[in-house]
Structure formats: C-alpha cells, structure tokens
1. I'd like the full set of residues that are surrounded by fewer than 24 Cβ atoms within 10 Å (Cβ to Cβ), over 12 Å from S207 (Cα atoms), polar (S, T, N, Q) and touching a Ser or Thr at 6+ places or on another chain (Cβ under 8 Å), limited to the stretch 258-296.
2. Can you report the number of residues in the stretch 240-257 which are surrounded by 12 or more Cβ atoms within 10 Å (Cβ to Cβ) and under 28 Å from Y113 (Cα atoms)?
3. Considering only residues that are free of Cβ contacts under 8 Å to residues at least 40 places away in the same chain and out of contact with any strand residue (DSSP E or B) (no Cβ under 8 Å at 6 or more places or on another chain), look in the stretch 46-69 and name the one that is most open to solvent (accessible area, probe 1.4 Å).
4. Within the set of pairs 6+ apart or on separate chains, which have a first residue in the stretch 142-160 that is under 24 Å from C232 (Cβ atoms), a second that is small (G, A, S) and surrounded by fewer than 21 Cβ atoms within 10 Å (Cβ to Cβ), and C-beta atoms under 6 Å apart?
5. Determine whether the stretch 106-122 contains at least one residue that is of a type in the set (S, T, N, Q), open to solvent by 30 Å² or more (accessible area, probe 1.4 Å) and outside any loop (DSSP other than H, G, I, E, B).
6. Go through (1) touching a residue at least 40 places away in the same chain (Cβ under 8 Å); (2) crowded, with 16+ Cβ neighbours inside 10 Å and name the single condition N315 misses.
7. For A91, all conditions in the list (1) modelled with pLDDT of 95 or more; (2) open to solvent by 10 Å² or more (accessible area, probe 1.4 Å); (3) over 19 Å from the mean Cα position of the chain (by Cα) hold save one; what is the number of the exception?
8. Which one of the conditions (1) under 30 Å from V44 (Cα atoms); (2) open to solvent by 10 Å² or more (accessible area, probe 1.4 Å); (3) in contact with a helix residue (DSSP H, G or I) (Cβ under 8 Å, 6 or more places away or on another chain); (4) touching a residue at least 60 places away in the same chain (Cβ under 8 Å) does W358 fail to meet, given that it meets all the rest?
Amino acid sequence: FQAEDGIRDQPRSRGLGDVYKRQDSDDDGDGLADSVDPFPLTPVWDYNQAGPYTVGTQALTFISSTDIELTVQVWYPTSDESGNPVIYDRAWPGDAWDDATPDCSETHPVVLYSHGTGSGLRWMSAFLTEYLTSHGFIVVAPDHVDDHLQNFDAEALPITLLRRPIDIRDTFDWISNQSDGDSPFSGCTVPDDGYAVMGHSGGGYTSLMASGATILIEDLTTHCDEGHNHHCDMRDHWLSTHPDAVEIDLSDNRIWGTIGLAPWTGFVLEDGVSNVDNPIMILTGDADETTNLSMVNGIVGDLDANLTQYGVFANVGHYHFSPIGCELYGCVNNTDIEIVKNLTCESALAFFAQLLEWPDSEALNLPESEFLTWQ
C-alpha cells in the first residue's frame with residue numbers, strides 16, 4: 001500500500017491500543033480468552049500471509065558490555081496511521097515506516113538477528129525481519145563492529161567471532177531494559193520470556209554459538225599447530241581471560257529457538273555444535289558457493305537430534321537470504337529471489353509460532369514447493 005507521494009497510509013489493521021480494548025476476558029473479541037491469547041488486543045489472523053501489524057523501525061545505539069557502541073535496528077508494531085517508508089542507511093528501501101511510534105499496548109516475543117561476516121549489515125534480511133514483525137514480533141539486529149560491510153577488519157576476525165554472540169546477548173539485555181524502563185518501548189516485551197535468534201552466514205555461526213555450540217580448546221590447538229593463525233589467535237585471546245578453559249562457551253540459556261540461514265562454521269565449529277540444546281531450523285541453498293552444501297551438511301550432522309527442520313532450496317545461492325548481496329555480487333540464473341524470500345518467511349513464522357504454541361499453530365505445515373526440499 002504505497003501512496004503516490006511516497007507516504008504509506010491505511011495500515012492493514014490498527015488492531016492495537018485503547019481504540020479496541022474492552023475490559024473483559026476477551027479484549028479483542030476473537031474467541032480466545034486473554035489468558036491464552038498471545039496478542040489479546042489483536043484478532044486472530046491468517047498465518048499464511050503478511051500479518052495484521054503495521055511495521056515501524058528505528059536505528060538506535062547503546063554501549064555494550066564490551067564497551068563498544070553498537071548500532072541496532074529495531075522493528076516493532078506501530079499504531080501510527082501514516083509514515084515515511086524507511087531507506088536503510090540511505091541505501092536500501094524497506095517495507096516499514098521509519099521512526100514510527102512503538103505500540104506497547106500489548107507485549108511481543110523477541111527475535112534477535114545476526115548478519116553475515118565481512119559483507120553483512122543489520123538490515124540485510126529486512127524482508128524477513130519485517131515479515132515477522134507484521135506477525136507480532138519485535139526484532140532487533142546489531143551491526144557487529146569490525147565485521148560488517150562498512151567496517152571490516154579481517155585481522156580482527158578471530159576476536160570478533162568471540163564477541164559476536166556477546167553482541168546478541170547485550171542486544172537482548174538492551175531491549176529488555178528499554179521495556180522495563182521509561183523509553184518508548186516500555187512494556188513492549190517480557191524479558192523473562194527470553195528470545196529466539198536467527199542469522200545468515202556468519203550470523204548463522206553467531207546464532208549457533210549463542211544457542212550453546214562450543215569450541216574445544218584442544219581443536220584450536222590442533223589447527224594452530226598445523227599453521228592456522230586464525231585458530232591460534234582465537235585460542236590465545238580466550239585463554240588470556242579464561243586460563244583454565246577446555247572449551248569456549250558463549251551460550252545464552254534465555255534462547256528458546258534458533259534459525260540458521262546458510263550458516264558458516266567460522267572455521268572453528270566442529271563437534272561442539274552438538275551442545276546446542278534448543279530447537280533449530282536450518283535453511284540453505286544447493287548452489288551456495290560461500291557456505292557450500294557440504295559445509296552446511298557437516299553442521300547439520302553435528303547438530304544431530306537437536307535439529308528440528310532442515311530445508312534445502314534448489315538452485316539458490318548464498319545471497320538469496322540477504323537480497324542486497326544479489327545486487328552487489330549477483331544471483332544470476334538462480335531461482336527467483338521473491339520465491340525464496342516468501343518461502344523463507346513462511347518457514348520461519350511456522351517454526352516460531354509452533355515453538356510459542358500459538359493458537360492453531362499445531363496445524364501449520366511447512367511450505368511445500370518444488371524449490372524447497374525438507375530433508
């Protein structure tokens with residue numbers, strides 16, 4: 001719904017706030033008691049299409065626990081009745097209203113997103129973060145300092161890979177504090193409910209590490225002795241502050257679900273991936289030349305019983321999950337990117353809705369398509 005003057009109006013459904021609120025046990029009148037309704041002010045909707053919420057977004061900053069200023073993109077439901085379409089970093093148009101007012105008249109589950117290594121940015125999978133927000137989520141994504149498209153330090157990568165999961169943890173702490181405090185996000189989330197995490201490529205590595213994957217010091221030493229400085233630097237940095245460690249564990253037990261999009265090993269994920277202890281969905285493409293199918297299959301094999309769903313797209317490369325990458329690096333002669341985006345959105349929503357036990361979500365099926373095979 002794009003107006004000719006560039007201002008979007010008439011949101012899909014106001015569905016929120018005092019206009020619709022009634023003081024009874026079913027405030028939105030959808031037949032679900034407020035006690036079991038995940039969104040007691042918004043009527044039930046169809047999971048198989050864009051959700052009822054209008055999406056707002058803001059880029060904000062905070063100081064992390066590692067004393068780094070993190071820029072985060074926050075996507076959230078808004079009850080504003082008009083707004084300006086966002087252009088992320090003045091480079092990429094999105095389907096959200098820039099700097100809209102958050103609507104915190106009801107609480108929302110939280111998802112954290114981690115971008116890829118080297119050429120990623122916090123909004124690289126905005127098609128997915130916006131879609132989930134339209135279904136009631138709040139999604140937050142940090143730019144990982146020294147490891148993104150506008151600021152990449154290859155020599156610092158072994159250290160950055162150790163900081164990335166901490167960025168995710170800090171970002172959840174930040175949005176939780178915003179909800180508990182006096183900010184515009186006050187009352188938007190329930191921190192004790194935890195969060196889900198998802199990421200593309202290096203963000204897939206980050207998501208797995210945050211979800212419980214570990215790196216054995218012994219493995220790092222073996223590869224270091226073989227002449228791989230990446231492993232030496234990571235090991236030595238960790239042991240400088242954890243001198244008796246036998247493994248690197250950066251997990252956050254508040255995570256309740258994980259999605260990896262063409263996940264990368266970071267050169268260091270091996271058997272320790274099996275320590276992930278929450279449900280996981282992996283999506284990848286069989287034409288990916290960056291995190292190729294052999295690499296992803298190795299991760300999947302190590303996940304073992306913790307893997308809930310594994311989908312492989314036909315004739316799909318690395319950047320179908322981060323569409324600006326197709327503009328920068330090309331996705332020629334591959335499956336139409338719109339097909340991949342739609343199937344990814346439907347898969348992620350079904351996965352999260354079932355984990356959250358939303359009404360009728362048990363009847364949801366993962367999308368069936370000639371372009372996506374569930375393993």
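1. N275, T290
2. Applying the first criterion (surrounded by 12 or more Cβ atoms within 10 Å (Cβ to Cβ)) to the stretch 240-257 yields 242, 245, 247-252, 254-257.
Filter again for under 28 Å from Y113 (Cα atoms), leaving 242, 247-252, 254-257.
The qualifying residues number 11.
3. D67
4. Correct list of pairs: D146/A156; F152/G118.
5. Within the stretch 106-122, not a single residue is of a type in the set (S, T, N, Q), open to solvent by 30 Å² or more (accessible area, probe 1.4 Å) and outside any loop (DSSP other than H, G, I, E, B).
6. It fails just one condition, (2).
7. Just one mismatch for A91, condition (1).
8. (3)
The values are calculated or read from the model by the stated rules, or taken from the named source; none is laboratory data. Fair warning: this is a prediction, and the values are worked out from it, not measured in the lab. Quick reminder, even Gly has a Cβ in these numbers, built from the backbone with ideal geometry, and neighbours come from all protein chains shown. Surface accessibility is based on the protein's heavy atoms, side chains included, excluding ligands, DNA and RNA. Shrake-Rupley method; radii C 1.70, N 1.55, O 1.52, S 1.80 Å.
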